[in-house]
Amino acid sequence: MNIPVKNLPDDKGDNKCQARFARGWHCLGLSRDYGEEPVSLDYFGSKLVAYRGADWQVHILDAYCPHMGADLSEGEVVEGQLVCPFHHWEWGTDGKCSHIPYAKNIPAKAEIKSWPTLEKNGLLYIWHDPEGNQPIAEQEIPEQAEYYDDEWSDWYMEKIRIHNNNRELIDNMADVGHFGPVHDAQALTFKNIVHKHTFTQVMEGDPEIMENADSMLSRATYFGPAVMTTEMQIQLTGGFLLESRLLVSHVPVSENCFDLRFGLLFKRLDGVSRDLTDYIMMKHAKSTTQGFMDDVHIWHNKIRIDHPILCDGDGPIHILRKWHQQFYVDVADVPTSWDEEKEYVVNIHKQVKPQS
Ligand code: FES
Ligand SMILES: [Fe+2]
């Protein structure tokens, strides 16, 4: 699909998107997709290479070899060292050159950036910090217990490239007004909770408007700028309780482009055959993915409004954007106001569908 890139408005307000990428953990998909074979990654306005070293951990380095610029993701891993395809300089997982096959001395400057990584919940994460500091311990991605529980399925995962600034995606957390028009799932109750590096949305769906369901409860939390997990419960008409966990995470390619990863875990249904469970889960995965693609279509075609005109039925979008801004400034400049937990409850006005 050829999707035009929109020009962002040239607005100088607090909410303006800046040419800086957020500090924090970003998800790079399923951990099992990374092995000894180097994987090329076009993220954070740069090219990176990911591979498993001799310790079988995933390591990520800047991909362009500082010798004469070859792409290390086209090299190979030999005994844990990443070998450049151009002159066979070898690089350790710490980013230091470990061997040059035709030289006695290794230049002191022969070092490339090594990025902090984390493997957890069956997923690979990378830490990005424009100041170059190590990960903040408090912001580590929490363990997703369901991933390690046999009563739950493995990840169902999709990757979608979106041509817009990644902060468009974040607005969703406070945008209660779009659930009816875009997802046919109007909220009955809706609130946001803001605390430090977390932003949570708690929503109860209106059963009157939901198809094949009697109730829907969801609690979605961003841990840092780019990784969100949702606990979702849907009581289906007819007695089944569908429990799922959603992952919505993004990683910027450039200022106006990002990869979005959308993952699902399902709880297996009691007293139902494996085949029927799989069928119900796949159906649910498809409808959840479709719902998500409805958002994606809007993001592909919208522009960012830095100072939106909001009404009393909208959620706290300005608060959400200010919260997200903390990941785009130096650590020393992060306001202490986020240390105190605050709750924002939206008064829901029932939406009336326009006549078609
Ligand atoms: S460019 Fe990598 S070894 Fe020469
Ligand atoms: Fe949405």
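Rule-based calculations on the coordinates, nothing more; no lab input. All values derive from a computational prediction rather than experimental measurement. Heads up, the Cβs are rebuilt from the backbone with ideal geometry, glycines too, and the neighbour counts pull from every protein chain shown.
Numbers at a glance
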| item | result |
| --- | --- |
| Estimated FRET transfer efficiency (LEU276, HIS67; beta-carbon r; R0 51 Å; 0.05) | 0.30 |
| Kirkwood-based shape ratio for segment 140-240, expressed as Rg/Rh from alpha carbons | 0.98 |
| Cα gyration tensor shape of segment 299-342, rounded if a/c is under 1.5, else prolate or oblate by comparing a/b with b/c | oblate |
| Shape call, segment 24-139: gyration tensor on alpha carbons, a/c limit 1.5 | prolate |
| Residue among HIS88, HIS318, HIS163 with the largest mean-square fluctuation in a Gaussian network model of the chain, springs linking Cα atoms under 10 Å | HIS88 |
| Net length gained if the chain between GLN290 and ASP314 were fully extended (0.36 nm per residue, minus Cα distance) | 6.2 nm |
| Candidates PRO66, PRO107, PRO142, ranked by Gaussian network fluctuation over the chain, Cα under 10 Å, top entry | PRO107 |
| Percent of Cα-Cα distances greater than 27 Å, calculated over segment 150-345 | 31 percent |
| Computed lengthening from LYS47 to ILE106, 0.36 nm per intervening residue step minus Cα-Cα distance | 18.8 nm |
| Among PHE292, PHE262, PHE223: highest mean-square fluctuation, GNM of the chain, C-alpha pairs under 10 Å | PHE292 |
| Volume of the Cα convex hull of the chain, divided per residue and given in Å³ | 171 Å³ |
| Length-normalised contact order for the chain - Cα pairs under 8 Å, 6+ apart - percent | 20 percent |
| Calculated [θ] (222 nm, deg cm²/dmol) that DSSP helices of n ≥ 4 give over the chain, each run adding -39,500 (n - 2.57) | -4000 deg cm²/dmol |
| Simple spin-label estimate for GLU340 and THR237 in nanometres, 7 Å along Cα-Cβ | 4.7 nm |
| Label-point separation in nm, GLU143 to GLU74, each point 7 Å along Cα→Cβ | 4.3 nm |
| Label-point separation in nm, LYS322 to ILE160, each point 7 Å along Cα→Cβ | 3.1 nm |
